[in-house]
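Rule-based calculations on the coordinates, nothing more; no lab input. These numbers come from a predicted model, not from an experiment. Because the Cβ atoms are built from the backbone with ideal geometry, glycine has one as well, and the counts that use them run over all protein chains shown.
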Amino acid sequence: MKALVLQGIKEPLKLEEVSKPTLNTGEVLVKIKAAAFNRRDYWIQQGKYAGLKFPITLGSDGCGVVAEVYDDANQHWIGKEVVINPSFNWGDAPNYQGKDFKILGLPDDGTFAAYVKVPLAQVYEKPKYLNDIEAAAFPLAGLTAYRALFTKAQLKKDEKVLIVGVGGGVATFALLWAVYAGAEVYVTSGSDDKIAKAIGLGAKGGVNYKSPSYDADLQALADGFDVIIDSAIGEGFAKHLNHVKPGARLVFFGATAGDLPPLNARIIFWKQLQIMGTTMGTAQEFEDMLQFMTKHEIKPVVESVFPCEDAEQAMRLMDQSDQFGKIVITFED
Ligand SMILES: NC(=O)c1ccc[n+]([C@@H]2O[C@H](COP(=O)([O-])OP(=O)(O)OC[C@H]3O[C@@H](n4cnc5c(N)ncnc54)[C@H](OP(=O)(O)O)[C@@H]3O)[C@@H](O)[C@H]2O)c1
């Protein structure tokens with residue numbers, strides 16, 4: 001079968017012929033129709049991810065059809081259109097993942113291949129209102145945004161939420177989830193064009209974080225946030241403390257722009273702020289997200305779609321951070 005194999009750090013994604021995975025008990029083989037990129041795939045290619053090993057087939061997100069099932073009792077899954085939850089072995093504590101937790105696409109071979117094998121417990125029937133490309137786009141980023149907003153920040157209807165760097169994959173889901181949850185959503189971006197796109201998706205307004213008048217503009221726009229979702233961090237995070245209301249929740253799950261800067265402790269304790277880290281999500285959160293998005297028929301934002309032969313070009317697009325939403329690759333029959 002064809003697979004996009006990464007042979008080492010900074011090597012290009014190349015389509016290679018590899019052997020089809022063989023199943024063990026509890027596993028299914030999914031014939032991939034579409035798979036989506038996450039920043040994680042980029043970090044692994046750059047050598048900036050824990051637990052690197054090569055060769056590896058990347059890819060955490062995928063949508064396809066169940067082609068084989070190991071256990072006789074589950075043969076009725078064959079032919080079903082499915083999406084894969086890439087959050088494996090969460091463990092027993094909903095508050096944090098256990099020691100066996102892993103994400104599809106390292107250490108195990110992922111979805112950037114004609115076929116991927118996964119435990120049956122990780123597959124869910126594809127929401128019918130989504131096409132293959134849209135269905136491939138949401139699992140990892142959607143789940144991360146869902147837990148950040150609802151489990152961690154406990155976002156409520158009519159609260160004001162700021163989504164930082166809205167062009168990012170997870171950020172666009174945070175925008176969509178928050179809009180459909182009835183929150184008042186604001187965004188930041190390094191691009192005015194992306195702010196306009198976010199407004200088109202239901203944001204009330206946005207401010208360019210590169211603008212010299214950023215602080216004054218943000219203050220004038222919203223006059224304080226209840227929740228901030230930030231996956232960039234870096235120097236800009238310190239400014240958030242001036243833009244939140246007392247009791248605000250600030251949640252982060254990435255550090256694309258760098259580590260946390262020095263923070264004013266007095267503002268944190270006086271405003272009774274909660275600053276929280278989060279990662280991926282539980283199986284229950286994945287199911288809750290599926291229900292939430294299906295109820296509202298929310299469609300992921302897809303920036304571009306490439307054939308699998310052009311996967312390296314797709315990776316370079318992610319490198320430039322010009323995207324608004326998800327980058328998807330397709331695998332033909
Ligand atoms: N812990 C987890 O479970 C988990 C899960 C998913 C992702 N992540 C991490 O979260 C981060 C985002 O992931 P992703 O896949 O959504 O990435 P992405 O699509 O590559 O997001 C990139 C976006 O980050 C924004 N950005 C970059 N520098 C910024 C800055 N200085 N200030 C504000 N925004 C900035 C940009 O938004 P604009 O273009 O709008 O300026 C850019 O488009 C990554 O670091 C990733 O590794 C963690």
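Relative to the longest principal axis of the Cα atoms of the chain, the long axis of helix 283-296 makes an angle of roughly 80 degrees. With an 8 Å Cα cut-off and a minimum separation of 6 or more residues, compute the relative contact order for the chain in percent. Taking the mean separation of contacting Cα pairs over the length of the chain, I get 18 percent. Per the Kirkwood formula applied to alpha carbons, the stretch 142-277 shows a radius of gyration over Rh ratio, Rg over Rh, of 0.92. Cβ-to-Cβ counts within 10 Å put 149, 140 in ascending order as 149, 140, the fewest first.
Rounded to the nearest 20, the Cβ-based charge dipole of the stretch 109-202 about its Cα centre (Lys and Arg +1, Asp and Glu -1) stands at 240 debye. Annotation: the residues 20, 53, sorted from fewest to most other C-beta atoms within 10 Å of their own C-beta, follow the order 53, 20. When 225, 269, 101 are sorted by how many other C-beta atoms sit within 10 angstrom of their C-beta, beginning with the fewest, the order is 269, 101, 225. In a DSSP loop and with at most 13 other Cβ atoms within 10 Å, the trypsin sites (Lys or Arg not before Pro) in the stretch 129-182 are 156, 157.
Of the beta bridges DSSP finds with both residues in the chain, what % are antiparallel, to the nearest 5?
Among the beta bridges of the chain, antiparallel pairing accounts for roughly 55 percent.
Positive contributions from Lys and Arg (+1) and negative ones from Asp and Glu (-1), summed over other residues with Cβ under 13 Å from the Cβ of residue 204, come out at -3.
At 222 nm, what value in deg cm²/dmol follows for the chain if DSSP H runs of at least 4 each add -39500 (n - 2.57) and the sum is divided by all its residues, to the nearest 500?
Using -39500 (n - 2.57) per qualifying helix, the result is -7000 deg cm²/dmol.
Taking other residues whose beta carbon is less than 14 angstrom from the beta carbon of residue 255, and scoring Lys, Arg as +1 and Asp, Glu as -1, yields 0.
Distance from the Cα centroid of the stretch 279-301 to that of the stretch 196-223 is 27 Å (rounded to whole angstrom). For residue 42, what charge total do you get from the other residues with a beta carbon under 10 Å from its beta carbon, if Lys and Arg give +1 and Asp and Glu give -1? Neighbour charge sum, excluding residue 42 itself: +2. Listed by chain and number, the aspartates and glutamates whose alpha-carbon sits under 20 Å from that of residue 99, ignoring those within fewer than 8 places in the same chain, are 108, 109, 285.
How fast does the chain diffuse by Stokes-Einstein, in µm²/s, taking the Kirkwood radius from C-alpha pairs at 20 °C and 1.002 mPa s?
Diffusion coefficient, whole number: 106 µm²/s.
Over the stretch 142-277, Cα pairs under 8 Å with separation of 6+ residues give a relative contact order of 22 percent.
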